[in-house]
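See structure below.
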Amino acid sequence: MGSLYSNVLDLKETGLVQALTSHRLDSQSDRRRFYDQVRLGPEQLVFCQQVHGNKVEVILQPSRPYPYPLPLAEADAIITNQVDLAIAVFTADCIPVFILDLCTCSIGIVHAGWRGTYKLISAKAIQSMQKHFGTKPVNCLVYLGVSIQQSCYQVSQDLADQFERHFGPDVRTSDNKLNLHFANIQQLVNVGVPFESISVSPFCTACRTDLFYSFRVERESAGRLISLIRLLPNSD
Ligand SMILES: [Zn+2]
C-alpha cells in the first residue's frame, strides 16, 4: 500500500512545519488512513468555504473548538501563527500555495485557481501576513503545489487575452494555454518574495489522475486533494 500523500520537502526540511498534499482518497477508509498517517485529529484542521475570491481568513487565536467538519468562513486563503493547527485548502487542478515565514514562524495556504490568481490572492495572503504578523516577504518560502500545468491548461481566447493584459505575454501561449504558475510567481515577486525562494511541484494533475484528482479530466466525478500546512510545536 503506497503513501497517501506527498510531503512538501522544501518546507518539511526546515523542521518548522508539516506540509503536504494528499493523493487520491477515494473511500472513507482512505480518508481515515490519511488522517492517521499524518497524525491529525479533526479538531486540528481548519478550512474555508472556497469561493474563487481573494479574501484571506486570519486566525490569531487558539479559539477552539473550530467548526469541523464545517468551513470556518468564505475565503480562499488562510493565514495563522498558531502552533499545531493545520490550515488546509481543497483542490483539483487549482494551485495550493504554501507559505512559510521563517522569521516570525507564521504560515499561509492559498487556493489559487484562475479567478483567485487573477485577483492576486497569493499576493494578498503575503500582504495579510505582513499586516498581522510583521512578516517580511524576503523571509518567506513559497511552494506552488501539485496542480494543472500549462501544457494541459487551454482556455478561451478571451481569458488568455485578459491574463496577458494583466500579467504580460509570457503568461500564455499562442494557442491559449495559460501558465497559472507564472502569474502567481509574478505577483509574489512583485510583493517582495525572492524568486529563488519560490518552488513549484513538477506534477500535473491532468496527466497524473492515477495519483491526483483533475477537474479538467474527471469533471463532476473528481474528488478534491487536501493540502495542509501546520506549524509544529517546539520539540524542546
Ligand atoms: Zn498535464
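The values are calculated or read from the model by the stated rules, or taken from the named source; none is laboratory data. Quick caveat: nothing in here was measured; it's all calculated off a predicted structure. Glycine also receives a Cβ, built like all others from the backbone with ideal geometry; neighbour counts cover every protein chain displayed.
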_Search result, residues across the range 112-156 that are surrounded by 24 or more Cβ atoms within 10 Å (Cβ to Cβ) and within 16 Å of the ligand (Cβ to nearest atom)_ = 145, 146, 147, 148
_Report every pair of residues separated by at least 6 positions or lying on different chains whose Cβ atoms are under 9 Å apart, first residue within the range 193-207 and within 19 Å of residue 227 (Cα to Cα), second in a loop (DSSP other than H, G, I, E, B) and away from the ligand (no atom under 16 Å from the Cβ)._
199/8; 201/8
*Out of all the residues in the range 190-218, which are within 16 Å of the ligand (Cβ to nearest atom) and aliphatic (A, V, I, L, M)?*
200, 206, 211, 217
*Residue check: is residue 203 among the aromatic types (Phe, Trp, Tyr) and farther than 22 Å from residue 108 by Cβ?*
no
*Might you check whether a residue that is farther than 20 Å from residue 99 by Cβ and aliphatic (A, V, I, L, M) occurs anywhere in the range 190-207?*
yes
_The one condition in (1) touching a helix residue (DSSP H, G or I) at 6+ places or on another chain (Cβ under 8 Å); (2) within 21 Å of residue 143 (Cβ to Cβ) that residue 60 fails to fulfil_ = (2)
*Among the residues of the range 157-170, is any over 18 Å from the mean Cα position of the chain (by Cα), within 16 Å of the ligand (Cβ to nearest atom) and not acidic (Asp, Glu)?*
no
*When residue 22 is evaluated against the numbered criteria (1) under 26 Å from residue 234 (Cβ atoms); (2) touching a Leu at 6+ places or on another chain (Cβ under 7 Å), which criterion, by number, is the only one it fails?*
(1)
_the range 90-111, residues that are of a type in the set (Val, Ile, Thr), surrounded by fewer than 20 Cβ atoms within 10 Å (Cβ to Cβ) and touching a strand residue (DSSP E or B) at 6+ places or on another chain (Cβ under 9 Å)_ = none
*Identify, please: which residue in the range 159-204 is of a type in the set (Asp, Glu) and part of a helix (DSSP H, G or I) and is, among those, surrounded by the most Cβ atoms within 10 Å (Cβ to Cβ)?*
164
*From 174, 147, 151, residue being under 30 Å from residue 14 (Cβ atoms) and hydroxyl-bearing (Ser, Thr, Tyr)*: 147
*Could you pull out every one of the strands (runs of 3 or more DSSP E) wholly within the range 1-96 that has 2 or more residues that are closer than 25 Å to residue 215 by Cβ and modelled with pLDDT of 90 or more?*
5-7, 17-22, 56-59, 77-80, 86-91
*Quick one: which residue in 143, 213, 153 is of a type in the set (Phe, Trp, Tyr), in contact (Cβ under 8 Å) with a residue 24 or more places away in the chain, in contact with a Phe, Trp or Tyr (Cβ under 7 Å, 6 or more places away or on another chain) and within 26 Å of residue 25 (Cβ to Cβ)?*
143
*Qualifying positions in the range 205-233 - among the β-branched types (Val, Ile, Thr), more than 26 Å from residue 81 (Cβ to Cβ) and crowded, with 17+ Cβ neighbours inside 10 Å*: 205, 217
